[in-house]
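Report on the structure given below.
The values are calculated or read from the model by the stated rules, or taken from the named source; none is laboratory data. Bear in mind the structure is a predicted one, so any value in this text is a computation, not a measurement. Ideal geometry is used to build each Cβ from the backbone, glycine not excepted, and the neighbour counts take in all protein chains shown.
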Amino acid sequence: MIRKRPLIAVLLAFVYPGLGHAYLRRWLRALLWFGLVVSAVVFIVPNEPFEAADSVLAGAQAVAEQLSFGESLALASIVVFNMLDAYVLAAYVDRPTTTRAGDEDAVPSCPHCGKDLDEDLTFCHWCTTELDQLAETEASADAEPTGDTDSVKNA
């Protein structure tokens, strides 16, 4: 499983609400955010400044002048909440899961990619991480530090 970067999801969500969710492959949420922005713009933004303007930039400036504080706050809050939702999905929800110590029926998962492991294999068949090496490095980190304990006792 490729871990998606939260910062990229947030930046894409800032560019246009829903793009961060498309990056995370959350298609339904992306479609809902796209739809929310389009419907908010249709109902909130007046159409007359765009018709009277010479260019898109002049039309956007005229619209910005005509929007009230509440309308601007509503449009900004859609973008902010979209960015927050994309960040939470990328940083916390789409993380690899590990099994709990109390679950006897749970299938063990790979500590590297988070996918289910085959108990007969000594490596993860999804990401090819060797499990014996991971267990040895964890065991050596938990073990007592090596050294001459007699010299410490006699000192």
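Against the list (1) surrounded by 14 or more Cβ atoms within 10 Å (Cβ to Cβ); (2) small (G, A, S); (3) within 33 Å of the chain's Cα centre (by Cα), the condition A62 fails is (3).
Every residue, every condition in (1) closer than 17 Å to V79 by Cα; (2) in a helix (DSSP H, G or I), yes or no:
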residue	(1), (2)
A13	yes, yes
P17	yes, no
W33	yes, yes
Q61	no, yes
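All of A40, A22 fail the test of being part of a helix (DSSP H, G or I), free of Cβ contacts under 8 Å to residues at least 60 places away in the same chain and under 18 Å from L89 (Cβ atoms), apart from A22. Close contacts from the range 65-76, counting a first residue that is surrounded by 12 or more Cβ atoms within 10 Å (Cβ to Cβ) and a second that is hydroxyl-bearing (S, T, Y) and part of a helix (DSSP H, G or I), with Cβ to Cβ under 7 Å and a gap of 6+ residues or different chains, come to none at all. Of all residue pairs spaced 6 or more apart or on separate chains, none has beta-carbon atoms under 6 Å together with a first member in the range 45-56 that is in contact (Cβ under 8 Å) with a residue 40 or more places away in the chain and not assigned by TED's automatic domain parsing to the domain that holds S68 and a second member that is surrounded by 10 or more Cβ atoms within 10 Å (Cβ to Cβ) and assigned to a loop (DSSP other than H, G, I, E, B).
Going by the structure shown, is E51 assigned to a helix (DSSP H, G or I) and surrounded by 12 or more Cβ atoms within 10 Å (Cβ to Cβ)? Answer is no for this residue.
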